[in-house]
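Written below as structure tokens is the structure these notes are about.
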Amino acid sequence: MFLAKLRSLYWVKASKEGCTVIESQWWWNPRLCLPCSKGVGPRLGIVWHAPPCGVIKFNVNGVACGKSGPVGCGGVLRDHSGKILGKSNE
């Protein structure tokens, strides 16, 4: 459960540009952790590792806010140089 919640936290931090995520609230009540204040600094701790030359990599993730709350998922397809070949979100 911890890893799933941590992965979701990273996804929210990456997808909510312009919002500050209050990490201490994330673990107890994720719905209260996004006051959406402007002026967020650069994202730290999120690193993408390229696949070997000639290989493509598809990263996916999803998030849900409670049992009946909103849900979302997305994915990015990249080559060894980091060029985005395709992306999706729902």
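Among the listed pairs LYS5/LYS67; LYS5/LYS57; LYS5/LYS87; LYS57/LYS83, those whose Cα-Cα separation exceeds 21 Å are LYS5/LYS57; LYS5/LYS87.
Model label sites at LEU77 and ALA50, defined 7 Å from Cα along the beta-carbon direction, differ in position by 2.0 nm.
Over region 48-90, one equal point on each Cα, no solvent: what is log10 I(q)/I(0) by the Debye formula at q = 0.19 Å⁻¹? Ignoring solvent entirely, the Cα scatterers give -0.59.
Values in this text are rule-based calculations from the coordinates and carry no lab data. It should be emphasised that the depicted structure is a prediction, and the values quoted were computed from it without experimental measurement. Every residue, glycine among them, receives a Cβ derived from its backbone with ideal geometry; neighbour counts consider all protein chains shown.
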